[in-house]
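Notes to accompany the following structure.
Since every read-out is calculated from the coordinates, none of them should be taken as a lab result. Because the structure is predicted, anything quoted here is derived from the model rather than measured. Quick reminder, even Gly has a Cβ in these numbers, built from the backbone with ideal geometry, and neighbours come from all protein chains shown.
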Amino acid sequence: ILRYCCRLLDTAPAPAPAAPVTQPQGYDPELWAALQREEFELFYQPRIDLRLGAICGAEALIRWRHPERGLQQPDSFIPACEASGLIVPLGYWIIQEVGRTLPAMQAAGLDGRIGVNLSFRQFQDRQLAPTIERLMQSHRMASHALEFELTETALCSDEEHVRATIDQLSRQGVEFSLDDFGTGYSSFSLLQKLPITTLKIDKSFVAGIPGNADDEEIVRAIINLAHNLNKQVIAEGVETRAQLEFLIRHDCDQVQGYFFSRPVCREQFLTLLSHDHRQQAL
Ligand code: C2E
Ligand code: MG
Ligand code: MG
Ligand code: MG
C-alpha cells in the first residue's frame, strides 16, 4: 500500500515496480517510519441524524499508535506532517483505510457517509483529484459514501486550483463540508462559489449553549444560514443533554460529540453500529 501511495505522489513517470521505498527529502524520519510500519490508525466518531435518532455515518480521525509513547492525538503530529508534506502520502493512506471500512460499515447495516479531513497542504499535490478518483475506483467506494471536511484555510490559498479540484471531485458525487465553521476567515462568497453541502458548527460555539447569549445567537445564525442556502448543518463537540436539546429545538440536522461517543477504533465503531440498528428495530 505504501509503495503504491508513494508512487502516486510523483508527477514524474512512475519508478520501476521493484524500486525500494526510500525516504523522500524533508519528511520527519520518525513519522515516515511510522507510515511504513503502519502505526497510524483511524478512529471513528459516530454522527447522529437528529430526525432519524440514529447513527448516519462517522468522521474518521487519525491516531498514531506509538510503540513506546502509546496512542498519540493528531494535534501532536498532524502539524509536522503538514509542514513537511508527509500529509500527502498519509492522506492517501487515510482514504484507502476508509475504503476498507466502508464495506464493513455497510455489512453492519449502515449505508452512511464517512467524513475525511482534508488539509490545505494536500491540495498542493496537483494530482489530488485524479488520485482520489483512482483510489475510489480501486476500492469500489461509492462516491456518496465519502465526504471531505475542509477548513477555511484550505479555501483561502490558491483559490483557482483548490476550486477546480473540489469541482472535479464534486462532479463525481463526492461531498464537501466546511469544518470548524465560524472560526476562520471565509467569506460568504465561498459558500456560493464552492459545492459545499454541509456546515459543521465549531465546538467552541457549542460549548456555550445553552446559556451564553452570544454563542446561542451564533449557533442559531449558522443553522439558519445553512438551511437558507439549502445545506445540511452538523454541530460538533456535543457533550451534554442541554446542548442536544438546544440543537434539536433549533432544527440542527446532525450532531457529533462525547455525549454520544468519543472517537473509537474501527472494531468498536462497527459494534456500536450493530447495537444502534438492533435498537432501531425494537
Ligand atoms: P476536527 O476535524 O475539527 O475534529 C474534531 C475534533 O473534536 C476531534 O479531535 C474530536 O476527537 C474532537 N471531539 C469530538 N467530540 C468532542 C466533544 O464532545 N468534546 C470535545 N472537547 N472534543 C470533541 P481530534 O481527533 O484530536 O482531532 C483534532 C484535529 O486534527 C481535527 O479537528 C482535524 O483538524 C485534525 N485531524 C484529525 N484526523 C485527521 C486526518 O485524518 N487528516 C487530517 N488532515 N487532519 C486530521
Ligand atoms: Mg473534521
Ligand atoms: Mg471541527
Ligand atoms: Mg479542528
Top mean-square fluctuation among Leu128, Leu225, Leu52, Gaussian network model of the chain, C-alpha springs under 10 Å? Leu52
Helix 213-228 sits at what angle to the longest principal axis of the chain, using alpha carbons and giving 0 to 90 degrees rounded to 10? 70 degrees
Angle check, please: helix 87-107 long axis (alpha carbons) against the longest principal axis of the chain (alpha carbons), in degrees 0 to 90, nearest 10. 60 degrees
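I want the antiparallel fraction of DSSP beta bridges within the chain, as a percent rounded to 5.
Roughly 45 percent of the DSSP beta bridges within the chain come out antiparallel.
Which loop trypsin sites (Lys or Arg not before Pro) in region 103-197, with loop taken from DSSP, have no more than 16 other Cβ atoms within 10 angstrom of their Cβ?
On the way: sites: Arg113, Arg121, Arg126, Arg134, Arg140, Arg163, Arg171, Lys193; in loops: Arg126, Arg140.
Taking region 103-197 and a limit of 16 other Cβ atoms within 10 Å, the loop trypsin sites (Lys or Arg not before Pro) found are Arg126, Arg140.
Region 204-282: which chymotrypsin sites (Phe, Trp or Tyr not before Pro) are DSSP loop and have at most 13 other beta-carbon atoms within 10 angstrom? It would help to have the intermediate numbers written out before the result.
Working: sites: Phe205, Phe246, Tyr258, Phe259, Phe260, Phe269; in loops: Tyr258, Phe259, Phe260.
Loop-located and lightly packed - Tyr258.
So for region 148-281, averaging the separation of alpha carbon pairs under 8 Å that are six or more residues apart and normalising by length, what relative contact order in percent results?
Working: 170 pairs, mean separation 24.1, N = 134.
Rounded, it is 18 percent for region 148-281.
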Under 5 Å, built H, 5+ apart or other chain: amide partners of Leu50: Gln254, Val255
Cα extents of the chain along the principal axes, largest first, in whole Å, come to 59, 43, 36
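By counting other Cβ atoms within 10 Å of each Cβ, how are Cys56, Cys81, Cys265 ranked from fewest to most?
Numbers: Cys56 18, Cys81 26, Cys265 15.
So the residues, fewest neighbours to most, are Cys265, Cys56, Cys81.
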With axes computed from alpha carbons, what is the tilt in degrees of helix 266-281 against the longest principal axis of the chain, rounded to the nearest 10 within 0 to 90? 30 degrees
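Considering only the other residues whose Cβ falls under 10 Å of the Cβ of Ala80, what net charge follows from Lys and Arg at +1 and Asp and Glu at -1? Write out the running numbers ahead of the final one.
On the way: positive: none; negative: Asp28, Glu30, Glu82.
Once positives and negatives cancel, what remains is -3.
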Across 10 Å bins beginning at 0, the whole-percent shares of Cα-Cα pair distances in region 157-235 come to 18, 47, 26, 8, 1
List the relative contact order of region 41-90 as a percent without decimals, with contacts defined as Cα pairs under 8 Å and 6+ residues apart. 25 percent
Span per principal axis, largest first, for the Cα atoms of region 104-194 (Å): 40, 27, 21
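Please report the antiparallel percentage of DSSP beta bridges with both residues in region 42-152, rounded to the nearest 5.
On the way: 11 of 19 bridges.
Among the beta bridges of region 42-152, antiparallel pairing accounts for roughly 60 percent.
Looking at the calculated P(r) for region 65-156, what percent of the C-alpha pair distances fall above 20 Å?
Values: 1764 of 4186 pairs.
Of the Cα pairs, 42 percent sit more than 20 Å apart.
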Separation of region 78-142 and region 149-226 by C-alpha centroid, Å? 20 Å
Length-normalised contact order of region 61-192, Cα under 8 Å, at least 6 apart, in percent, tallies to 21 percent
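Exactly which chymotrypsin sites (Phe, Trp or Tyr not before Pro) in region 82-189 are in a DSSP loop and have at most 13 other Cβ atoms within 10 Å?
Details: sites: Tyr92, Trp93, Phe120, Phe123, Phe148, Phe176, Phe181, Tyr185, Phe188; in loops: Tyr185.
In loop regions of region 82-189 (DSSP not H, G, I, E or B), the sparsely surrounded chymotrypsin sites (Phe, Trp or Tyr not before Pro) are Tyr185.
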Specify, per residue and in Å³, the volume enclosed by the convex hull of the alpha carbon atoms belonging to region 210-282. 110 Å³
Positive-end extreme of charge dipole, the chain - chosen from Asn212, Ser261, Val233 (charges on Cβ): Ser261
